[in-house]
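**Q** Quick one: the structure is below, questions incoming.
The values are calculated or read from the model by the stated rules, or taken from the named source; none is laboratory data. These numbers come from a predicted model, not from an experiment. Note that each Cβ is placed from the backbone with ideal geometry, even for glycine, and that neighbours are counted across all protein chains shown. We work out accessible area using only protein heavy atoms, side chains counted, and drop any ligands, DNA or RNA first. Shrake-Rupley method; radii C 1.70, N 1.55, O 1.52, S 1.80 Å.
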Amino acid sequence: MFNLVLFGPPGAGKGTQSEKLINKYGFVHISTGDLFRAHINDETTLGKRVKELISAGHLVPDEITIAMLEGEIDKKPDAKGFIFDGFPRTVIQAEALDIFLKNMGENINAVIALDVDQDELTRRISERQKISGRADDAADKLIKRIDEYFTKTIHVLPYYADQEKLTKVNGIGEIDHIFNEVCEVIDRKL
Ligand code: AMP
């Protein structure tokens, strides 16, 4: 099994690169943001609990997010690998994922962080909002999301660097060029 964490701030290109990775490697893609949006759309109990938090740009509490993620992994016993997109976003989530995988006899094989500066992120997300209509892409909510990233999520990087699993890839430039660099990292570790 090959387990990849695709890491980066909102707008770094995690979703775009994930789509290409699914096609190339056939890994199961788990995006916690997509899962939450589906729950909100379907008006599930979980969706109702998290809707306000997400539209305000806050992180969902760890215990809710971790339980949802573990449930998704359990649904795919035949997966040959997972791409974790938007998870972990806190060190507590990263630790929980390590323990969960360890109990399955697995681990995280690589962490790829897409590096994009703040001006470019803001520009990309305001473009995306015109198409996505996502409430949390609006300018005032985006400030909160970027703030959550730089106060809570950034600490996940040293967590994986200490485990010697982290590779940074420049997330600015041609999508295919970035994809090639991402694939090189994976292929080295496969
Ligand atoms: P994303 O599509 O990954 O940008 O996620 C959209 C929103 O869902 C985030 O701004 C958070 O409110 C919530 N969310 C997604 N993943 C997580 C996570 N791992 N931990 C906490 N909240 C999350």
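**Q** Residues that are touching a Gly at 6+ places or on another chain (Cβ under 7 Å), modelled with pLDDT of 95 or more and among the hydroxyl-bearing types (Ser, Thr, Tyr): list the helices (runs of 4 or more DSSP H) wholly contained in region 36-105 that include at least 1 such residues. First the steps, then the outcome.
**A** Numbers: elements: 45-55, 62-74, 91-103.
Output list is empty.
**Q** Related question: Can you report the number of residues in region 98-125 which are open to solvent by 40 Å² or more (accessible area, probe 1.4 Å), over 15 Å from Phe7 (Cβ atoms) and away from the ligand (no atom under 15 Å from the Cβ)?
**A** 11
**Q** Which residues, taken from region 55-76, are open to solvent by 30 Å² or more (accessible area, probe 1.4 Å) and closer than 23 Å to Ile125 by Cα?
**A** Ser55, Ala56, His58, Leu59
**Q** Can you name the residue in region 81-92 that is within 12 Å of the ligand (Cβ to nearest atom) and β-branched (Val, Ile, Thr) and is also least open to solvent (accessible area, probe 1.4 Å) among such residues? Outline the logic, then answer.
**A** Step one: filter region 81-92 for residues within 12 Å of the ligand (Cβ to nearest atom), giving 84-92.
Adding the requirement that they be β-branched (Val, Ile, Thr) leaves 90-92.
Working: Thr90: 18, Val91: 45, Ile92: 99 Å².
Per the stated criteria, the residue is Thr90.
**Q** For Glu43, are the conditions met, namely being of a type outside the set (Lys, Arg) and either within 13 Å of the ligand (Cβ to nearest atom) or crowded, with 16+ Cβ neighbours inside 10 Å (or both)? If you could, list the steps in order and put the result at the bottom.
**A** Values: of a type outside the set (Lys, Arg): yes; either within 13 Å of the ligand (Cβ to nearest atom) or crowded, with 16+ Cβ neighbours inside 10 Å (or both): no.
Considered against the rule, which asks whether it is of a type outside the set (Lys, Arg) and either within 13 Å of the ligand (Cβ to nearest atom) or crowded, with 16+ Cβ neighbours inside 10 Å (or both), Glu43 comes out as no.
**Q** Would you pick out the residues in region 164-175 that are open to solvent by less than 90 Å² (accessible area, probe 1.4 Å) and over 14 Å from Asp115 (Cα atoms)?
**A** Lys165
**Q** Give region 23-40 a look and list any residue that's more than 9 Å from the ligand (Cβ to nearest atom), open to solvent by 30 Å² or more (accessible area, probe 1.4 Å) and within 22 Å of Ala94 (Cβ to Cβ), or say none. Explain how you work it out, then say what you get.
**A** So in region 23-40, the residues more than 9 Å from the ligand (Cβ to nearest atom) come out as 23-30, 38-40.
Of the ones still in play, those that are also open to solvent by 30 Å² or more (accessible area, probe 1.4 Å) are 23-24, 26, 28-29, 38-40.
Val28, His29, listed by residue number.
**Q** While we're looking at this one, here's another question. Under 6 Å between Cβ atoms, which residue pairs at least 6 apart in sequence (or on different chains) link something in region 1-24 that is under 18 Å from Lys80 (Cα atoms) with a partner that is open to solvent by 10 Å² or more (accessible area, probe 1.4 Å) and of a type in the set (Phe, Trp, Tyr)?
**A** What qualifies is Lys20/Phe179.
**Q** If you check Asp136 against the conditions, is it assigned to a helix (DSSP H, G or I), open to solvent by less than 20 Å² (accessible area, probe 1.4 Å) and modelled with pLDDT under 95? Lay out the reasoning, then the answer.
**A** On the way: assigned to a helix (DSSP H, G or I): yes; open to solvent by less than 20 Å² (accessible area, probe 1.4 Å): yes; modelled with pLDDT under 95: yes.
Answer is yes for this residue.
**Q** Hey, among the residues in region 158-185 that are part of a helix (DSSP H, G or I) and touching a strand residue (DSSP E or B) at 6+ places or on another chain (Cβ under 6 Å), which one's farthest from Phe84 (Cα to Cα)? Before the answer, list the steps.
**A** In the first step, residues of region 158-185 are kept if they are part of a helix (DSSP H, G or I); the result is 158-162, 175-185.
From the residues that got through so far, the ones that are touching a strand residue (DSSP E or B) at 6+ places or on another chain (Cβ under 6 Å) too are 160, 181-182, 185.
Values: Tyr160: 14, Glu181: 18, Val182: 14, Val185: 16 Å.
Checked region 158-185; the qualifying residue farthest from Phe84 (Cα to Cα) is Glu181.
**Q** Need the failing condition index for Glu95 against (1) open to solvent by 60 Å² or more (accessible area, probe 1.4 Å); (2) within 10 Å of the ligand (Cβ to nearest atom); (3) under 18 Å from Ile154 (Cα atoms), just the number.
**A** Going through the list (1) open to solvent by 60 Å² or more (accessible area, probe 1.4 Å); (2) within 10 Å of the ligand (Cβ to nearest atom); (3) under 18 Å from Ile154 (Cα atoms), Glu95 breaks only (2).
**Q** Okay, moving on. Being of a type outside the set (Phe, Trp, Tyr), buried (at least 16 other Cβ atoms within 10 Å of the Cβ) and either part of a helix (DSSP H, G or I) or more than 9 Å from the ligand (Cβ to nearest atom) (or both) is the requirement here; does Thr16 meet it?
**A** Values: of a type outside the set (Phe, Trp, Tyr): yes; buried (at least 16 other Cβ atoms within 10 Å of the Cβ): no; either part of a helix (DSSP H, G or I) or more than 9 Å from the ligand (Cβ to nearest atom) (or both): yes.
Spelling it out, it is not the case that Thr16 is of a type outside the set (Phe, Trp, Tyr), buried (at least 16 other Cβ atoms within 10 Å of the Cβ) and either part of a helix (DSSP H, G or I) or more than 9 Å from the ligand (Cβ to nearest atom) (or both).
**Q** Let me ask another. Within region 25-35, which residues are within 13 Å of the chain's Cα centre (by Cα) and in a helix (DSSP H, G or I)?
**A** Listed by number, the residues that qualify are Thr32, Gly33, Asp34, Leu35.
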